[in-house]
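The values are calculated or read from the model by the stated rules, or taken from the named source; none is laboratory data. Keep in mind that what you see is a predicted model, and the values were worked out from it rather than measured. Cβ coordinates were reconstructed from backbone atoms using ideal geometry, including for glycine residues, and neighbour counts include every protein chain displayed. Heavy atoms of the whole protein, side chains included, go into the accessibility calculation; ligands, DNA and RNA do not. Shrake-Rupley method; radii C 1.70, N 1.55, O 1.52, S 1.80 Å.
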Amino acid sequence: MTEWRCFGVVIRIHLLFWAVIGISLAAGYFMETLTLFVIVIIHELGHVAAARELGWRVAEIQLLPFGGVATMEEDLAADPLEEIVIALAGPFMNVAMIFCSLMFWWMGIWSEAWTVFFINSNLMIAGFNLLPIWPLDGGRILQALLCYRLPYRKAGLLSIGASVLFAAALFGLGFLYWHLNLMAVAVYLTVVNAQAFVRFPYQFLRFLMGKHAINPELSNLRSVSLAPTVTVMEASHHLKRGYYHLFFIEGGNGALLWEEQLLNALLFEQKHHAPLSKLI
């Protein structure tokens, strides 16, 4: 694996990437393949620019044989709109490149054939990334939209399940037309989502830690009514992104439980299985 820096971001290039470049050179498609990966880098830099503007830390960009991935520390407790903005920033760069290519063709700098290839390449990369499969841009948008309606835990698990179904459909499409590359990508995305499911408890813990670290936004106050027998862990499953929660304990004297009390009991007091009635 090799690496270099671009706009302060580490870009890691896997060995298989160089193998693809070598094969394309032998087949006489070096410039076309190199252009595709340049488009991928610009696409990923769009994510990087949006993430930095919103205060997210970007770790690196990885170039793989089938595309690129921008690795960043997600603010899981932030408003889902931030996730949507960052996810759309990549396809937006593809649209911008399409307009630039049309300008170059109109000015006579690019030939019509090369302009058509460049436009189709951008449409292919943007369209593929907008598929509703995690961790593609469309999958991130799907999860963010679900977070507007559902608690974070339910939205995350539902988006992973939906991603597996969409990946299976993608594999079926590849099998129907015997498109080996499409089948390979579908298998890879299925494996990634299986790993995401296994790691989800850790991701949910990161979400809880993120909510504990931010200042409460009382303008986004959300009330939740729960029975006093509900455990602290079960109550945490009702937490949503972008909201501050106030829990009403039913069947008592109208006792209230603030979000930070719940998080303290869960994260620092080891009261995972304690009923809410023990916290009031």
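Assorted remarks:
- The condition of being closer than 26 Å to Arg52 by Cβ, open to solvent by less than 60 Å² (accessible area, probe 1.4 Å) and in a helix (DSSP H, G or I) holds for only one of Gly161, Gly156, that being Gly156.
- Residues that are within 12 Å of the chain's Cα centre (by Cα) and among the hydrophobic types (A, V, I, L, M, F, W, C) within the range 115-130 comprise just one, Leu130.
- Restricting the first member to the range 87-110 and to residues that are over 25 Å from Ile141 (Cβ atoms), and the second to residues that are open to solvent by 80 Å² or more (accessible area, probe 1.4 Å) and modelled with pLDDT under 95, the beta-carbon pairs closer than 7 Å and six or more apart or on different chains are Trp105/Glu112.
- Residue within the range 54-68 that is at pLDDT 85 or above and more than 25 Å from Pro201 (Cα to Cα) present: yes
- Within the range 233-259, the only residue that satisfies the criterion of being open to solvent by 80 Å² or more (accessible area, probe 1.4 Å), within 30 Å of the chain's Cα centre (by Cα) and among the acidic types (Asp, Glu) is Glu234.
- The range 147-203, residues that are among the polar types (S, T, N, Q) and in contact with a helix residue (DSSP H, G or I) (Cβ under 9 Å, 6 or more places away or on another chain): Ser159, Ser163, Asn181, Thr190, Asn193, Gln203
- Residue match in the range 103-121 (condition: buried (at least 18 other Cβ atoms within 10 Å of the Cβ), among the β-branched types (Val, Ile, Thr) and closer than 21 Å to Leu45 by Cα): no
- Note on the range 122-137: residues that are in contact with a Pro (Cβ under 7 Å, 6 or more places away or on another chain) and either buried (at least 20 other Cβ atoms within 10 Å of the Cβ) or of a type in the set (Asp, Glu) (or both) total 3.
- Subset of the range 62-85 (residues that are more than 27 Å from Ile214 (Cβ to Cβ), surrounded by 20 or more Cβ atoms within 10 Å (Cβ to Cβ) and among the hydrophobic types (A, V, I, L, M, F, W, C)): Leu63
- Residue within the range 86-102 that is open to solvent by less than 20 Å² (accessible area, probe 1.4 Å) and in contact with a Lys or Arg (Cβ under 8 Å, 6 or more places away or on another chain) present: yes
- For the range 118-137, a residue qualifies if it is in a helix (DSSP H, G or I) and out of contact with any strand residue (DSSP E or B) (no Cβ under 9 Å at 6 or more places or on another chain), and the qualifying residues are Phe118, Ile119, Asn120, Ser121, Asn122, Leu123, Met124, Ala126, Gly127, Asp137.
- Residue in the range 225-247 that is hydroxyl-bearing (Ser, Thr, Tyr), under 30 Å from Gly174 (Cβ atoms) and in contact (Cβ under 8 Å) with a residue 12 or more places away in the chain present: no
- Whichever residue in the range 260-279 is open to solvent by 80 Å² or more (accessible area, probe 1.4 Å) and free of Cβ contacts under 8 Å to residues at least 40 places away in the same chain and, among such residues, is nearest to the chain's Cα centre (by Cα): Phe268
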